[in-house]
Amino acid sequence: MKLVIVGAGGFGREVYHYAGNVAMVTGTHRVLGFADDNPRALDGFDLPVDVLGGAGSVGFDAETAFVIAVGDPVVRRRLATVVAKRGGRLATLVHPTAYVARDARLGAGCVVCPFAFVGTGAAVGANTVLNTYASIGHDAVVGDNCVFSPYAVVNGAVDLGSDVFLGTHSAVLPRVRVGCGSKISAGAVVHREVPVGALAAGNPARARVLFAPETEDV
């Protein structure tokens, strides 16, 4: 499979190397280059591929898929929409060191980074990213376009809405619901339901509605 990585920032360069690790194991996932609105985004970095154009203009064929490498849920969703409107498809990328249970489900376009974990019975929505050492517990349901920072955890049977951002070392306790478009601060421990569009911080986390989510999943 030929890949175009959407986003040529730091995370995009990490995803480039993850795809190379996958290719060493499977022989697939050859990266053609990056899609980014900044044609000079890779200046100063020693990579054998270039910025091919913006996500709305880069050329591709039927054998090419896209991986979105951006750490903002709303931007991930917008870029996925750009790709879909052009008839492109999203590829799911799972690093060889990650664990995904056989009966877990990953939506199209998920990125599962090194040492991440997806437990049995979990359902992960499309275009969601689990950064290094992030984990999703058994039977959890995670919406589309979510971003798990390193070491972020949702425990068993959590219900996580779409477009949620989880900061580094944040944790959602079992069977807790987190509304779409919410943000969980680094280090926060969520004991109770988080409303739609809220910011939750602290331990136990307190939530305040601060955002107007750009999503229909409310």
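For a quick check of your reading of the model, give me the residue pairs whose first member lies in segment 160-187 and is open to solvent by less than 50 Å² (accessible area, probe 1.4 Å), whose second is among the charged types (D, E, K, R) and at pLDDT below 95, with beta-carbon atoms closer than 7 Å and at least 6 apart or on different chains. Cβ pairs passing all conditions: Gly161/Asp217; Ser162/Asp217; Cys180/Asp217.
With Ala41, Ala19, Ala8 as the choices, which residue is more than 17 Å from the chain's Cα centre (by Cα) and either at negative phi or among the charged types (D, E, K, R) (or both)? Result of the check over Ala41, Ala19, Ala8: Ala41. When Ala171, Ala122 are checked against the criterion of being closer than 26 Å to Asn21 by Cβ and within 19 Å of the chain's Cα centre (by Cα), Ala122 stands alone in meeting it.
Only residues that are more than 13 Å from Val94 (Cα to Cα) and among the aromatic types (Phe, Trp, Tyr) were counted across segment 3-41, and they come to 2. When segment 1-13 is filtered for residues that are out of contact with any Ser or Thr (no Cβ under 9 Å at 6 or more places or on another chain) and touching a residue at least 24 places away in the same chain (Cβ under 8 Å), the ones remaining, listed by number, are Ile5, Val6, Gly7, Ala8, Gly9, Phe11, Gly12, Arg13. Looking only at segment 115-152, residues that are over 18 Å from Pro174 (Cβ atoms) and either assigned to a loop (DSSP other than H, G, I, E, B) or open to solvent by 30 Å² or more (accessible area, probe 1.4 Å) (or both) come to 13 in all.
Within segment 25-64, the only residue that satisfies the criterion of being in contact with a helix residue (DSSP H, G or I) (Cβ under 8 Å, 6 or more places away or on another chain), part of a strand (DSSP E or B), within 19 Å of Asn127 (Cα to Cα) and of a type outside the set (A, V, I, L, M) is Phe34. Put simply, of Val75, Val22, Val4, Val67 the only residue that is at pLDDT below 95, surrounded by 14 or more Cβ atoms within 10 Å (Cβ to Cβ), within 25 Å of Gly125 (Cβ to Cβ) and β-branched (Val, Ile, Thr) is Val22. Quick one: is Gly202 out of contact with any Leu (no Cβ under 6 Å at 6 or more places or on another chain), open to solvent by less than 10 Å² (accessible area, probe 1.4 Å), over 18 Å from Val124 (Cα atoms) and among the small types (Gly, Ala, Ser)? In short, no.
The selection criterion, being assigned to a loop (DSSP other than H, G, I, E, B), in contact with a strand residue (DSSP E or B) (Cβ under 7 Å, 6 or more places away or on another chain), open to solvent by 10 Å² or more (accessible area, probe 1.4 Å) and touching a residue at least 12 places away in the same chain (Cβ under 8 Å), holds for Ala108. The set of residues in segment 25-44 that are open to solvent by 30 Å² or more (accessible area, probe 1.4 Å) and more than 30 Å from Tyr99 (Cβ to Cβ) comprises Asp36, Asp37, Asn38, Pro39, Arg40, Asp43, Gly44.
Within segment 65-86, the presence of at least one residue that is in contact (Cβ under 8 Å) with a residue 60 or more places away in the chain, within 29 Å of Ser162 (Cβ to Cβ) and more than 15 Å from the chain's Cα centre (by Cα) is confirmed.
The set of residues in segment 111-120 being of a type outside the set (Ser, Thr, Tyr) and out of contact with any strand residue (DSSP E or B) (no Cβ under 9 Å at 6 or more places or on another chain) consists of Pro114 alone.
The values are calculated or read from the model by the stated rules, or taken from the named source; none is laboratory data. Keep in mind it's a predicted model, so treat the numbers as computed, not measured. Cβ sites come from the backbone with ideal geometry, for glycine too, and all protein chains shown count toward neighbours. With ligands, DNA and RNA removed, areas are computed over all heavy atoms of the protein, side chains included. Shrake-Rupley method; radii C 1.70, N 1.55, O 1.52, S 1.80 Å.
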